[in-house]
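Visitor: This is the structure I want to talk about, given as structure tokens.
Read the figures in this text as sums done on the coordinates, not as results from a lab. What you see is a predicted model, and the numbers here were worked out from it, not measured in a lab. All Cβ positions, glycine included, derive from the backbone under ideal geometry; neighbour counts span all protein chains shown.
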Amino acid sequence: MKRESSLLGWPAGAGEAAALARGLDARRSPLGAPSAWPQALRTTLELMLPAHAQMVLFWGPDLVALYNDAYAPTIGLKHPAAFGRPAAENWAELWDDLGPLLNQVLQQGESFSAIDRPFHIDRHGHLEEVFFDVSFSPVREADGHIGGVLCLVNETTERVHGRLALAESETRLRDASRRTALAMNASAIVGTWMWDVQTDMVFADEALAAAFCLQVPDGQGGLPISRFLEALHPEDLPKVQAAIAESLEKGTPYSVEYRMRTLDARWLWVEASGYVEHDAMNRPLRFPGVMVDIDSRKLAEQALRETNKQLRLAQAAGGIGVFLLDIATNELSVSAEFCRIFGVPVRPEFQASVVDTLRIDAVEPMSTLTNRVDGSLRLNVEYRIRRADDQSLRWIARRAELVRNDAGKPMLLRGVVQDITGAKQVEATLRQSEGRFRALAQAVPNQVWTAAGDGRLDWFNDQVYEYSGMHFEQLEGNGWATIVHPDDLPDVVGQWQLSLATQLPYAAEFRLRRLDGDYRWHLVRAHPVQDGDGHVGETGEGSAPMRWVGTNTDINDQKAAQERLAQSVQERTRDRDRLWQLSADIMVVGDFDGIIRAINPAWETLLGWTETELVGQPLLEFVHPDDIDSTVAEIAKLSRGQITLRFENRYRHKDGSYRTLSWSAVPDTDSLHAVGRDITALRDSESRLRQSQKMEAIGQLTGGIAHDFNNLLQGITGSIEIVRRRVALGRTNDLDRYMSSATQSAHRAAALIQRLLAFSRRQTLDPRAVDVNALIGSMEDLLRRSLGEQVRLEVQLADGVGAALGDEPQLESAILNLAINARDAMPHGGALILSTGHATLRESETRHHEGLDAGDYIAISVADTGTGMSPEVLAKVFDPFFTTKPIGQGTGLGLSMVYGFAQQSRGHVRIESRVGHGTRVTLYLPPAHADAAAAVEAEAAAAALPQGRGEVVMVVEDDPAVRLLVLDVLADLGYRTIEAVDGTTAMPILQSAVPIDLLVTDVGLPGINGRQLAEFARQQRPGLHVLFMTGYAEHATTRAEFLEPGMDLIAKPFAIDDFAQHIEQIVRGPSS
């Protein structure tokens, strides 16, 4: 059924004959269903149907007639009943004549052709004699068997009748006088005339005058010849005038064909004939003549030319050359295609010797002059020639017949030729391919077989015989079915029949009996061979496979393995199902749109939601609002094929609470599979542990600060107390020593505060472009003095490192701290390597460090060859007040300060150490932009303490001691001052009309802080200069983010000189 439905559109074409072919009833037609028709029949019919030549094909032993639309009119009322039926049914009246001709071609393979061949046929309800040019040729199937007869015909009945009539007319003209001849054939005469040349008067009879649309009296009374010439077709007038002139001048007979306009305004073909009578002086006197109607003959000739043209086109399209050889004269009359086949110049006639000389050798079965004369030549032959034009070797097929006279002597040889070189090459290729196929089939370990187009097996390689133990006679045809397992046979046969019907490749697995009786599984495949060139593949619509090629592959071991694998898969599936059902972790299958497709029972146990409540719902409906964005991003990563190893988010319990889950997930083609573990209790315990550690660290920090600050305060307060006592006693000598001691203790306290702020990332930084190589170069002498003679300093500065973005003093302090720590780790001396370079931190290295971006960094490395550190010590090196040095030799804040500085600079610090192999500390800082690097400013040279000029400075400071100090210093410097204890007190003053040139304010004021006060001041007094003082300010850790134009910042404690310089620069600008 599939094959029949695929052929509903065959054969293609809009003609009536194509429709008849498509509508043939397979049950009524002797040819059966078109799907079963031989390929040769289908191909020939497809070529015939669109042709303009009259063509009919008689197929099979019943000579079933199939013809095209051009042929249908030639059989009259027999059409369309004759289409698809045996010829004897519809050509009964002429079957004694036609039947033997067709059977001769069908049975003997000899072509037959004739010109003006008579037939007696009943096509219009009565028997009539008709004439045809015919050419009957055998049509061979792929195996060489003749399947039918292709007939090219051209009805020539009118041509024969016209020729007979013309011959009769010519006979009458020769037997009678010229004037009498002009009156013959009265049935076609239009009229007669007499032209008096001397008077130029033409006297026409009644019929001729009417033909020229003239009044009869006028025609009979005489009119100038110009009146008659007016009725001629413009294209024909010149040749008529030329013929008249020639007859008048030379006296030659006048005969010309032309068109004249009739009363019904159409053009009628006529033939005018006459002659000129002369006087004694040879002057033209009279010009009598007759006009004959030849319109029907002209139409017939035109139709004949068109028919012959179509026949020539059909012959050329089929590569068929037609010839007629006059044996007596050895002259060939040929078609243009004949000349092209033999490579000779195209001309209608030439001597047969031209073709005879193209013979390859004497053994070729071409005809010769001798065997043509005695009639012993073979009529249907194939031979080789050397083509005349390009000397190429060509195969020629000739089909011919001898025409003998009544005495049996050969007179004519007529027939057709065709170049079959391509077919011969295909045959040779097919033979070679067949040989290679057989050799290959015997060499492969598989069983190989072939079958005919009907599915009957007809060849096997030796492996088939060895496996089955059977002979060819036992296996051929359908005998192979005896070795198929009885349980498999019905399906095997059904699938094989389906492949034969659909021409689709065959593939099946079934059991075949071995010679010992054991059945083994085989994979059996077969492909149709589409055509004669040995190509194996899927067949196209409308074609029928000539053969099938198949193989049997033993898959018994694979089958056993598959069964074991299937059993293993079932067992593992059961294990997975048990895991799905019993797991305490929740499992989910969802799509990449976040829709839940399946869940395990743990969801209800852990979160309270049932499968009915969850499946089909969006996953994000149950995620904590703060975790939705990160969850969406993680699903997107899964959709791109990335695996989730650890991802945490919070899911809502049915009771409204949230559980923290840690997820692992893998993507599939269109879904994700995830397992989530409840880590809510773990995260709670970690939070408690962090709080405990925080409190422990605070205690440790407090203890360390208390210890150091008590020592520092003792130095300060003790020195001040001694000074006070000695001043009270009037002993003012030797006071500088105690004042210096107090000052040193105060500076040490300030340094301790800076270390604490650096560790907590709260010191105030001024990030600028720092030339790292230049900075280290300037520190080299300091470092060598600090390291001592036992430590060898090696400086390795990479070229083109550029500038890093950071606070230069803090960076210098960090490098010095690292160098001193390295020195202390080498008590017996060693090498310290200080190097710079570029480094790139990947995302995998930065993801666990908050605020650290992946990308390029400038690396500063300090490496030593000292004692190194154990993993336990290495884990604590950045903890505050942790030190391995003896008591009193270290604060434990050095590395903590470096760590805090790196973090606050948006950089990173990495430490690597092994006991006995030394330590390497690498500081990573972000590179400075080009414009920032270009703006590196040199340190301003120290200047004399600047003095004020009476400017008004408003001081806002909540600490009385600091406020008093600042007011006194400003007064000593020549400034006028206004004071306020906090922002609330300062605001009315700022709103007043009191002149103020500079606002000096602490950042950490109670209530309204210093930054907010500055914003308020600038609203009241736009452009007011502001100097911030800070000991610690959470929002002032980075100048660039904190300060606006006209603002500056100084860190407490500050030197009086630095304070005076800041006041001078902000009041009068840097140029002052």
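Visitor: Write out the trypsin sites (Lys or Arg not before Pro) in the stretch 591-658 meeting two conditions: DSSP loop, and at most 11 other Cβ atoms within 10 Å of their Cβ. Spell out each step's value before the answer.
Guide: Numbers: sites: Arg597, Lys637, Arg640, Arg646, Arg650, Arg652, Lys654; in loops: Arg640, Lys654.
When the trypsin sites (Lys or Arg not before Pro) of the stretch 591-658 are filtered for loop state and at most 11 Cβ neighbours within 10 Å, Arg640 remain.
Visitor: While we're looking at this one, here's another question. For Leu797 and Asp1048, calculate 0.36 nm times their separation in residues minus their Cα-Cα distance, and state this gained length in nm to one decimal.
Guide: On the way: separation 251, 0.36 × 251 = 90.36 nm, distance 3.47 nm.
This chain segment gains 86.9 nm when fully extended.
Visitor: Two decimals is fine: what's Rg over Rh for the stretch 317-424, C-alpha atoms, Kirkwood radius as Rh? Numbers along the way, then the final one.
Guide: On the way: Rg = 13.2 Å, Rh = 14.0 Å.
So for the stretch 317-424, dividing Rg by the Kirkwood Rh gives 0.94.
Visitor: Something else: If each residue of separation counts as 0.36 nm, what is the full-extension length gain between Ser740 and Arg404 once their alpha-carbon separation is subtracted?
Guide: Here the segment from Ser740 to Arg404 would lengthen by 105.7 nm.
Visitor: Taking the simple approach of a point 7 Å from Cα along Cα-to-Cβ for both Gln570 and Glu1015, what is their distance in nm?
Guide: 7.6 nm
Visitor: From the alpha carbon gyration tensor of the stretch 952-1068, can you work out the equivalent ellipsoid semi-axes (sqrt of 5 times each eigenvalue) and give them in Å, largest to smallest?
Guide: Working: eigenvalues 61, 59, 43 Å².
The equivalent ellipsoid of the stretch 952-1068 has semi-axes of 18, 17, 15 Å.
Visitor: For Glu789 and Thr732, FRET efficiency with R0 = 60 Å and r from the beta-carbon atoms, rounded to 0.05? Mind showing how you got there, number by number?
Guide: Numbers: r = 44 Å, r/R0 = 0.73.
About 0.85, to the nearest 0.05.
Visitor: Provide the FRET efficiency to the nearest 0.05 for the Ile146-Asp454 pair, computing r from the beta carbons and using R0 = 25 Å.
Guide: Working: r = 20 Å, r/R0 = 0.79.
Using R0 = 25 Å, I get an efficiency of 0.80.
Visitor: If you keep only loop residues by DSSP, which GluC sites (Glu not before Pro) in the stretch 811-882 have at most 14 other Cβ atoms within 10 Å of their Cβ? Present the calculation step by step, with values, prior to reporting the outcome.
Guide: On the way: sites: Glu812, Glu843, Glu845, Glu850, Glu872; in loops: Glu850.
Those that pass, being in a loop and sparsely packed, are Glu850.
Visitor: Direction-averaged shadow area of the convex hull around the Cα atoms of the chain, nm²?
Guide: On the way: hull surface 382.1 nm².
Mean projected area for the chain: 95.5 nm², to one decimal.
Visitor: Would you kindly derive the ³J(HN,Hα) couplings of the stretch 363-377 from the backbone phi angles with the Karplus curve 6.51 cos²θ - 1.76 cosθ + 1.60 (θ = phi - 60°), listing them in order in whole Hz, with x for Gly and Pro?
Guide: 7, 5, x, 6, 6, 10, 4, 5, 6, 6, 5, 8, x, 8, 5
Visitor: Next up: Taking the simple approach of a point 7 Å from Cα along Cα-to-Cβ for both Asp390 and Lys250, what is their distance in nm?
Guide: 4.7 nm
Visitor: Measure off 7 Å from each Cα along the Cα-to-Cβ vector at Ala961 and Thr329, then give the distance between these two points in nanometres to one decimal.
Guide: 14.7 nm
Visitor: Gap in Å between the Cα centre of the stretch 972-1029 and the Cα centre of the stretch 475-511?
Guide: Their Cα centres are 104 Å away from one another.
Visitor: Per residue, how big is the convex hull around the C-alpha atoms of the stretch 177-295? Give it to me in cubic angstrom, could you? It would help to have the intermediate numbers written out before the result.
Guide: Numbers: hull volume 11.5 nm³, N = 119.
Hull volume normalised by residue count: 97 Å³.
Visitor: OK, next. For Lys1052, enumerate residues with amide H under 5 Å from its amide H, sequence gap 5+ or separate chain, H modeled in the peptide plane.
Guide: Here the answer is Thr1030, Gly1031, since their amide H atoms fall under 5 Å of that of Lys1052.
Visitor: Let me ask you something else. So what is the calculated 222 nm ellipticity per residue for the chain, using -39500 (n - 2.57) for each DSSP H run with n of 4 or more, over all residues, to the nearest 500 deg cm²/dmol? Could the numbers behind the result be given before it?
Guide: On the way: 36 runs with 412 residues, N = 1072.
That calculation yields -12000 deg cm²/dmol at 222 nm.
Visitor: Please give the net charge around Asn371, taking every other residue with its beta carbon less than 15 angstrom from that of Asn371, where Lys and Arg add +1 and Asp and Glu add -1.
Guide: +2
Visitor: Compute the FRET efficiency between Asp295 and Glu93 as 1/(1 + (r/R0)^6), taking r as their Cβ-Cβ distance and R0 = 45 Å, and round to the nearest 0.05.
Guide: Working: r = 33 Å, r/R0 = 0.73.
Given R0 = 45 Å and the Cβ-Cβ separation, E is 0.85.
Visitor: Fully extended, how many nm does the chain gain between Leu127 and Asp361 (0.36 nm per residue separation, minus their Cα-Cα distance)? Spell out each step's value before the answer.
Guide: Details: separation 234, 0.36 × 234 = 84.24 nm, distance 5.21 nm.
This chain segment gains 79.0 nm when fully extended.
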